[in-house]
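Notes to accompany the following structure.
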Amino acid sequence: MSLCVAGITGLQLFWNYQNYRNTVKTFNHDINDALNTAVNKEIDQRQQKIISVFKQWLADTSFVMITCNIDNRNSITAFHIMDSHPYLKGEKGITLSFIDFKEKLKQITPSAKAYFIERFSNTRLRSDLINGDVYYYTQRLGDSLSNIYAKSKLNTVSLCELYKAELSLKGINTSFNLTKAASNNSNLFLTNQVNAALRRPYQKELIQAAFQSPGVYFIKEMKWIIISSFLLIAITITCFAYTLKTLLSQHKLAELKDDFINNMTHEINTPVSSIKITTEALKTFDLDQRTRKEYLDIISYQAEKLTTLTEQILNISKLGQVKTESNTRIELNKLIRNAIYDIGPLDNDRIINFQPVHQEIYIWGDASSILNSFINIIDNALKYNEGIASVDIKLSSNKNTVEVIFTDNGIGIPVEYRDKIFDKFFRVPKGNTHDVKGYGLGLNYVKQTIEQHRGSIAVRANVSCGSIFTIRLPLI
């Protein structure tokens with residue numbers, strides 16, 4: 001069973017480790033994907049600014065001249081761009097046309113110029129920007145584009161906001177830093193380096209993100225997995241501990257039962273053998289009247305021992321039949337005197353001290369069960385004693401409860417066994433010696449009886465020697 005628990009625990013830990021690895025892998029993929037997307041968006045913002053400026057250049061007649069004509073083989077409108085003030089004489093600029101422009105114009109019109117500026121900027125120039133190319137459509141346009149390319153640098157503030165937004169879309173809300181230099185700090189969780197240069201791949205401006213402690217993210221992502229795993233492990237260990245405890249209890253109970261049966265068999269076998277031998281003697285020999293009477297007394301005595309033994313066992317089985325709601329009023333002073341009387345004759349070696357209280361004390365209960373409980377405690381106190389056995393019985397009461405205190409000067413009960421003496425079949429171990437015969441049923445009977453009467457029983461050591469049993473019962 002322990003192997004099963006260890007196996008389940010190991011599988012849960014391995015499963016959590018695999019989930020952790022998958023979470024780290026997903027996290028690594030998401031932060032890199034988010035950084036690529038954020039860099040592309042930031043570059044797109046810079047490209048849009050360049051396109052806007054380029055449109056202004058095209059619209060400025062003092063910068064470039066845009067004309068058109070249909071003097072070509074296909075007789076379609078061809079647009080022509082050239083610098084308004086060329087650096088060198090003879091510069092011709094460039095000519096281009098668009099298939100979807102259907103008008104045939106010999107000279108430029110405001111609407112045609114606006115169309116050309118939008119179409120040329122948003123298609124041809126954008127394609128150049130994406131590819132990182134700089135074309136000199138005219139000398140001035142080329143020089144201006146080169147200058148604006150050189151001045152356009154990565155905006156880390158804008159990129160940081162864009163990256164944070166992309167991470168948030170992926171459910172990642174943890175702190176990070178953007179850095180342009182590769183970090184050697186092994187405690188940081190780093191993304192791949194991404195080229196954020198406007199003219200990539202011809203130029204490089206590498207950027208990467210560093211996460212100080214993504215552990216909070218990992219815990220957040222895996223919290224239900226971790227909680228369920230530890231809950232399952234806790235339940236498994238609890239069930240294992242409970243099962244182990246139950247098995248040990250059953251094993252211990254089985255041992256106690258075996259001891260009880262062995263002891264009981266020995267106790268029954270002795271009077272039965274004595275009765276059998278005596279009976280055979282009566283049947284076989286012609287005995288005189290006096291010898292016959294002695295043999296019959298032996299049979300009577302052994303039969304009485306068997307009767308006492310069976311009564312002790314039957315008392316246990318009768319416990320469940322006690323109906324406290326149908327019980328009668330019991331006066332404790334009288335009941336204790338009856339218990340002392342039933343113990344039998346006392347002598348100088350067996351002393352019981354009881355001083356009844358002046359007022360009558362009543363409880364509800366089954367008189368026979370309570371009486372047998374008191375007899376069991378007194379009888380144990382007298383039996384388990386190595387000298388003059390003395391038992392003091394005291395009654396005390398308050399508004400709701402009464403205490404019956406039995407104080408003896410016997411051999412006492414070791415501390416480690418005080419919680420076990422009320423278990424069925426349990427006897428304080430004394431090796432192989434059996435000075436006092438018993439079956440481990442008496443105190444168990446007492447405890448069950450008192451608890452059925454809504455009371456309690458406790459035991460503690462007597463200061464000098466012996467034990468003190470305290471029974472508490474509710475008053476009427």
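The values are calculated or read from the model by the stated rules, or taken from the named source; none is laboratory data. Fair warning: this is a prediction, and the values are worked out from it, not measured in the lab. In this analysis, Cβ positions are derived from the backbone assuming ideal geometry, glycine residues included, and neighbour counts consider all displayed protein chains. Side chains included, ligands, DNA and RNA excluded: accessible areas come from the protein's heavy atoms. Shrake-Rupley method; radii C 1.70, N 1.55, O 1.52, S 1.80 Å.
Data overview
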item: Over the range 324-476, volume per residue of the alpha carbon convex hull, in Å³; result: 119
item: In nm, spacing of pseudo-spin labels at Glu91 and Thr291 (7 Å Cα→C-beta vector); result: 15.7
item: Solvent accessible area, Å² - Val194, 1.4 Å probe, full protein context; result: 10
item: Residues Asn400 and Asn462, FRET efficiency given R0 of 25 Å [Cβ-Cβ distance, rounded to 0.05]; result: 0.40
item: Protection proxy ranking of 382-388, 355-361 - average other beta-carbon atoms within 10 Å, highest first; result: 382-388, 355-361
item: Accessible surface of Glu294 - all protein chains present, 1.4 Å probe, nearest 10 Å²; result: 90
item: 5 angstrom amide H check on Glu205, placed H, neighbours 5+ away; result: Ala196, Ala197
item: Sparsely packed trypsin sites (Lys or Arg not before Pro) within the range 1-86, loop by DSSP, other Cβ within 10 Å at most 14; result: Arg73
item: Set of lysines with alpha-carbon distance to Lys293 below 25 Å, sequence-local pairs under 8 removed; result: Lys276, Lys283, Lys305
item: Simple label model, 7 Å out from Cα along Cβ direction - Tyr115 to Gln193, nm; result: 4.8
item: Inter-probe distance in nm under a simple model that places probes 7 Å from Cα toward Cβ, at Ile343 and Arg472; result: 2.5
item: Largest to smallest accessible area among Tyr87, Tyr362 [probe 1.4 Å]; result: Tyr87, Tyr362
item: Cα pair distances in the range 15-166, grouped into 10 Å bins until the bin that holds the longest one, percent each; result: 10, 30, 25, 15, 11, 6, 3, 1
item: Approximate shape of the range 98-161 as ellipsoid semi-axes (Cα gyration tensor, √5λ), whole Å, largest first; result: 30, 15, 11
item: Bridge type composition, the chain - antiparallel percent by DSSP, nearest 5; result: 85
item: Kirkwood hydrodynamic radius of the range 68-120, from inverse mean 1/r over distinct Cα pairs, in Å; result: 11.9
item: Lysines with Cα under 22 Å of Lys399, excluding same-chain neighbours fewer than 8 positions away; result: Lys334
item: Reduced Cα scattering model of the chain, Debye log10 I(q)/I(0), q = 0.09, 0.13 Å⁻¹; result: -0.85, -1.19
item: Cα shape, the range 352-407, gyration tensor, a/c 1.5 rule; result: oblate
item: Segment Gln45-Ala281, extension gain: residue separation times 0.36 nm, minus the distance between their alpha carbons; result: 72.6 nm
item: Subset of Lys41/Lys170; Lys49/Lys170; Lys49/Lys204 violating a 26 Å alpha-carbon distance limit; result: Lys49/Lys170
item: Cα-based reach from Lys245 at 16 Å (exclusive), listing aspartates and glutamates while leaving out same-chain residues under 8 positions away; result: Glu255, Asp423
item: Förster-model FRET efficiency, 56 Å R0, Leu309 and Gln18, C-beta, rounded to 0.05; result: 0.30
item: Length gained when the stretch Glu451-Phe230 is fully extended (0.36 nm per residue, less Cα-Cα span); result: 75.6 nm
item: Net charge of Cβ neighbours under 12 Å - reference Leu167; Lys, Arg +1; Asp, Glu -1; result: -2
item: Solvent exposure of the chain as accessible area per residue, Å², 1.4 Å probe; result: 60
item: Heavy atoms of Ser369: accessible area, 1.4 Å probe, square angstrom to 10; result: 10
item: Zone residues, the range 47-88, relative to Ser146, backbone N less than 16 Å from point 7 Å out along Cα-to-Cβ; result: 87-88
item: Quotient of C-alpha Rg and 2.2 N^0.38 Å, computed over the range 1-103; result: 2.46
